[in-house]
1. Search the stretch 122-157 for residues being within 13 Å of the ligand (Cβ to nearest atom) and of a type in the set (S, T, Y), and hand back the single one that is surrounded by the fewest Cβ atoms within 10 Å (Cβ to Cβ).
2. So which residues in the stretch 86-108 are of a type in the set (A, V, I, L, M), under 19 Å from W24 (Cα atoms) and more than 16 Å from the ligand (Cβ to nearest atom)?
3. Can you tell me which residues in the stretch 1-36 are assigned to a loop (DSSP other than H, G, I, E, B), crowded, with 18+ Cβ neighbours inside 10 Å and of a type in the set (A, V, I, L, M, F, W, C)?
4. State yes or no: is L39 at pLDDT 95 or above, surrounded by 20 or more Cβ atoms within 10 Å (Cβ to Cβ) and assigned to a strand (DSSP E or B)?
5. Does the stretch 237-256 contain any residue that is under 20 Å from the mean Cα position of the chain (by Cα) and farther than 30 Å from Q122 by Cβ?
6. Taking the stated definitions as given, is V244 in contact with a strand residue (DSSP E or B) (Cβ under 7 Å, 6 or more places away or on another chain) and not in a helix (DSSP H, G or I)?
7. Within the set of pairs 6 or more residues apart or between chains, which connect a residue that is among the aliphatic types (A, V, I, L, M) inside the stretch 23-49 to a residue that is more than 16 Å from the ligand (Cβ to nearest atom) and not in a loop (DSSP other than H, G, I, E, B) with Cβ atoms less than 6 Å apart?
Amino acid sequence: MATVGWLADVLRAAGVQVVEEGDWRNRMRPGDFDPIGVLWHHTASTSSATNPHPALGICINGRSDLPGPLCQALVDYHGVFHLISAGRANHAGTSGGSGPIPAGDGNTLMIGWEIDYNGVSQEMTPAQYEASLRATAAVLTRLGRDASYARGHRETSTTGKIDPSFIDLDVMRADVAARMSGGTAWSTIVDNATSGRFTASANWRVSTYSGQRYGADYRYADPVASSDVAWYRVNVPATGTYRVDAWWPANAGYNNATPYLVATTTGNKTVYADQRATGGQWRALGTFTLPAGDANRVGVSRWTTGTGLVIADAIRLTRVS
Ligand SMILES: [Zn+2]
């Protein structure tokens, strides 16, 4: 049976903090282990700065209904990787097939990260996300696979798993791909508070209401059938293809069809986002051909047939090609 005892060295070389938990190299389930991909999970435990890895013991020892180990590594609140198993672990169950990962035995096919956050009222910390990206990129490079071999449990599960929550897995794969290409892809974030790069009329008021906001605050306005766009100005380095992501805090009182405008080489394109869901994370609006130069590139319009407050928080551009 194959093992991945190289995990400690590969992760450290990628700049990931590693803790080797006991005899992790020899802690495993019986059966085949021949991984081709990496699977992301959340533990459903609430972690914090003072209790950074509440699920560590369960992941090592298992539960009454499922013997441990339950993953190859647990990612704690601070983004530290705790190595638990170098062999087969009970994390994935049956794979229904997702992307290049075939249907079959998920525990044979994939290396699993249990990222320690509760996934309902708590999202992944930035440190957990960054460390998980680095680790996934390093492991897939070692396995000779591309970023499409990074999956989330909710994509491969045949039993309705929802983890990992609060993550757009297409954005995750794009971020892994960027790390694998040397992390050199040009990317920039503009927040509503970014000096000189955000303009909106006084009708767009300031709020700190939602904890899912990006940065200190965000702007909100009532829908209206006229042009009153909040604009994000970006200095695009070269004409090319860019992925545009948006971040908003979600709330039942926010708009279910917020128009995002993207100023492309062939005019403004409009993408609608449901700001009642999937808040507090980057969500891909699409890829667009943008012209070089410093100008208003992405906007949020109040002109919508949806209902609820329209929100302007942060946007991100990443060069794709
Ligand atoms: Zn899971």
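The values are calculated or read from the model by the stated rules, or taken from the named source; none is laboratory data. No experiment lies behind these values; they were computed from the predicted model shown. Counting neighbours? That spans all protein chains shown, and the Cβs are built from the backbone with ideal geometry, glycine included.
1. Step one: filter the stretch 122-157 for residues within 13 Å of the ligand (Cβ to nearest atom), giving 151-157.
Keeping just the survivors that are of a type in the set (S, T, Y) gives 156-157.
Numbers: T156: 25, S157: 21.
Among those residues, the one meeting the criterion is S157.
2. Pass one, the stretch 86-108, residues of a type in the set (A, V, I, L, M): 86, 89, 92, 101, 103.
Imposing the further condition that a residue be under 19 Å from W24 (Cα atoms) reduces the set to 86, 89, 92.
Once the filter is applied, which keeps residues that are of a type in the set (A, V, I, L, M), under 19 Å from W24 (Cα atoms) and more than 16 Å from the ligand (Cβ to nearest atom), the stretch 86-108 yields only A86.
3. Result: V4, A14, V16, M28, F33.
4. On the way: at pLDDT 95 or above: yes; surrounded by 20 or more Cβ atoms within 10 Å (Cβ to Cβ): yes; assigned to a strand (DSSP E or B): yes.
In short, yes.
5. If we filter the stretch 237-256 for residues that are under 20 Å from the mean Cα position of the chain (by Cα), which is where we start, we get 242-251.
Filter again for farther than 30 Å from Q122 by Cβ, leaving 242.
Within the stretch 237-256 (the criterion being under 20 Å from the mean Cα position of the chain (by Cα) and farther than 30 Å from Q122 by Cβ), the answer is yes, since at least one residue qualifies.
6. Numbers: in contact with a strand residue (DSSP E or B) (Cβ under 7 Å, 6 or more places away or on another chain): yes; not in a helix (DSSP H, G or I): yes.
Yes: the conditions hold for V244.
7. From the stretch 23-49, the pairs are V38/V139.
Quick grid of which residues meet (1) at pLDDT below 95; (2) not in a loop (DSSP other than H, G, I, E, B):
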position	(1), (2)
R179	yes, yes
G182	yes, no
T188	yes, yes
N203	no, no
